[in-house]
Amino acid sequence: MTGGVLVESKLPLPLLRRGKVREVYEVDEGTLLLVASDRVSAFDVVMREAVPFKGAVLTQLSAFWFERLTSVMPHHLLTADADEIVARVPVLAPHRDELHGRAMLSRRATTVPFECVVRGYISGSAWAEYQKSGTLAGEPMPQGLVESAQLDPPIFSPATKAEQGHDENVTFDHVVNGLGRLTAERLRGASLALYEAGRDYAAQRGIIIADTKFEFGTTPEGELIVIDEILTPDSSRFWPADRYQPGHGQPSFDKQPLRDYLAGVRISSITINSPSGVVPNSNFARIAALPAQNWSEDRTRRVALHRDRLAPDAGRRFPVVAGGGCPGHPRGVGGGVLS
Ligand SMILES: Nc1ncnc2c1ncn2[C@@H]1O[C@H](COP(=O)(O)OP(=O)(O)O)[C@@H](O)[C@H]1O
Ligand SMILES: [Mg+2]
């Protein structure tokens, strides 16, 4: 780790998976360690540049929400405190500083093979589907919806979990066929309840949670729990409520400015999906020069906003600093359905 930036963790535990952002290690049969790096991805491609402390913000936001929403749904979090992690897994002692803030010890579960997306506003791939066919998650929708319109009540819009490439939206019946009606209904009920609780909490703090993606798993005892990350800017769209104006895309506190920038400079999918798979440094540097889409200049403020509005304790522990480039990183696999 240099200057607060962690591009990639390397821990003395069996590595099960290196995702676009996180590494998943096996601690023992029943326990995983998830480590969020500072990598940032968009359109399924990992950028060459990292965002200092992004991983700690992600992990602490997840920890905050898991604990806050525990009465809504049991979860996989055991601890996201580096000292407790080291106490439970002594082999990690030399890595304590690297793990500080960004590591989460979790109950290992058998994953449910669907992403459970909830949409309270129509955006991203849902807006694309609606424009094309007038449907959302395959179900007909009222005519005349505009981009970013509120969906009341929010809609459960599941997706497949793609190992390679992009996740695909599927109908609720598809989930019923795969898992049975009882489980499908439990997933839908839990997803809507988690989203609504998170949305109401954020709304009191001036943030719209437009949509989000949950993952669920089953423990060896057969308990259904929420796993992975929860209500983070990597799994959700966060919009400033005071600037909400339906009819077009919204300013946002998540990765949307980066996506807009990449689309704006017309980096074609051929370019970004090329074998090198990363956007050249120079492109990222130019973000700061774009007055309207001020991603680079603005990112410190954006990270700090998340921290202060949603998880003030995390803020005290992880001061946000500007700057910091990092060497290249190979592209990951699997695409986010909210992309
Ligand atoms: N408690 C858990 N038990 C089992 N698997 C988990 C648990 N929490 C998260 N996972 C899995 O960890 C993986 C994280 O990898 P991935 O999503 O590719 O990373 P990233 O989000 O960084 O791109 C996912 O496949 C997710 O289902
Ligand atoms: Mg993921």
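The values are calculated or read from the model by the stated rules, or taken from the named source; none is laboratory data. Keep in mind it's a predicted model, so treat the numbers as computed, not measured. Counting neighbours? That spans all protein chains shown, and the Cβs are built from the backbone with ideal geometry, glycine included.
As a summary of the residue check, Glu221 satisfies the conditions (1) closer than 17 Å to Val57 by Cβ; (2) within 16 Å of ligand 1 (Cβ to nearest atom); (3) part of a loop (DSSP other than H, G, I, E, B) except for the one numbered (1). Residues that are within 16 Å of ligand 2 (Cβ to nearest atom) and among the β-branched types (Val, Ile, Thr) within the stretch 75-117 comprise Thr111, Val112, Val117, listed in sequence order.
In summary, Ala210 fulfils each of the numbered conditions (1) buried (at least 16 other Cβ atoms within 10 Å of the Cβ); (2) under 23 Å from Ser71 (Cβ atoms) with the single exception of condition (2). Restricting Ala103, Ala93 to those that are outside the structural domain of Ala184 (by TED's automatic domain parsing), touching a helix residue (DSSP H, G or I) at 6+ places or on another chain (Cβ under 6 Å) and over 18 Å from Arg22 (Cβ atoms) reduces the list to Ala93.
Pull up the stretch 70-100, narrow it to residues that are buried (at least 21 other Cβ atoms within 10 Å of the Cβ) and in contact (Cβ under 8 Å) with a residue 40 or more places away in the chain, then point me to the one that is farthest from Leu179 (Cα to Cα). Per the criteria, the residue is His95.
Quick check: anything in the stretch 202-213 part of a helix (DSSP H, G or I) and modelled with pLDDT of 95 or more?
Kept after step one, since they are part of a helix (DSSP H, G or I), are these residues of the stretch 202-213: 202-203.
Now restrict to residues that are modelled with pLDDT of 95 or more: 202-203.
Yes, some residue in the stretch 202-213 is part of a helix (DSSP H, G or I) and modelled with pLDDT of 95 or more.
Elements of the type strands (runs of 3 or more DSSP E) sitting completely within the stretch 1-106 and holding at least 2 residues that are more than 25 Å from Thr218 (Cα to Cα) and under 16 Å from the mean Cα position of the chain (by Cα): these cover 39-42, 45-50.
Are any of the residues in the stretch 256-265 of a type in the set (Lys, Arg), within 22 Å of Arg22 (Cα to Cα) and within 16 Å of ligand 2 (Cβ to nearest atom)? No, the stretch 256-265 has no match at all. Restricting attention to the stretch 1-38, the residues being crowded, with 16+ Cβ neighbours inside 10 Å and within 15 Å of ligand 2 (Cβ to nearest atom) number 12.
Applying a threshold of 8 Å to beta carbon distances and a minimum spacing of six or more residues, or different chains, the list of pairs starting in the stretch 148-163 at a residue that is farther than 19 Å from His248 by Cα and ending at one that is crowded, with 20+ Cβ neighbours inside 10 Å and polar (S, T, N, Q) reads Phe156/Ser191; Ser157/Asn169; Pro158/Asn169; Ala159/Asn169. Taking the conditions exactly as written (over 25 Å from Ala42 (Cβ atoms), more than 16 Å from ligand 1 (Cβ to nearest atom) and without any contact (Cβ under 8 Å) to a residue 60 or more places away in the chain), does Leu145 satisfy them or not? Taking the combined requirement at face value, the residue satisfies it. Kindly provide the set of residues from the stretch 3-25 that are touching a residue at least 24 places away in the same chain (Cβ under 8 Å) and either in contact with a His (Cβ under 6 Å, 6 or more places away or on another chain) or more than 10 Å from ligand 1 (Cβ to nearest atom) (or both), ordered by number. Matches in the stretch 3-25: Gly3, Gly4, Val5, Leu6, Val7, Glu8, Ser9, Leu11, Pro12, Leu13. For the stretch 101-140, a tally of residues being surrounded by fewer than 21 Cβ atoms within 10 Å (Cβ to Cβ), touching a Gly at 6+ places or on another chain (Cβ under 6 Å) and not polar (S, T, N, Q) returns 1.
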